[in-house]
Amino acid sequence: MNITQTVAAAVRGLVAERGMSELFVAHESGIPRVTLRRRLSGQTPFTVQELAEVGRVLDITVLDIIKRSEAVAA
């Protein structure tokens, strides 16, 4: 798994843990749903700004998202 995929897996896990839908996260973060879907699938990497917006919605820092992605990779 590469970093794009591990970050995507970490964010997917957080979204699921918080019981949020992809549509809700897209709407609240301001990221177009199609773009968010590509990011969550690991097709394209999140930008730092996108991670910050998603983190705001999920109530988690970018650093904590990265830490979680490292755990996914291990």
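The values are calculated or read from the model by the stated rules, or taken from the named source; none is laboratory data. The shown structure was predicted, so the numbers you read here are calculated from the model rather than taken from an experiment. Heads up: the accessible areas ignore ligands, DNA and RNA and are worked out on the full protein's heavy atoms, side chains in. Shrake-Rupley method; radii C 1.70, N 1.55, O 1.52, S 1.80 Å.
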Å² per residue, accessible surface of the chain at 1.4 Å: 58 Å²
Binned Cα-Cα distance frequencies in the stretch 21-74 - 10 Å width, integer %: 26, 57, 17, 0
Percent carbon-and-sulfur accessible area, the chain, ignoring ligands, DNA and RNA, probe 1.4 Å: 56 percent
Length added when fully stretched, residue 24-residue 72, from 0.36 nm per residue minus Cα-Cα: 14.9 nm
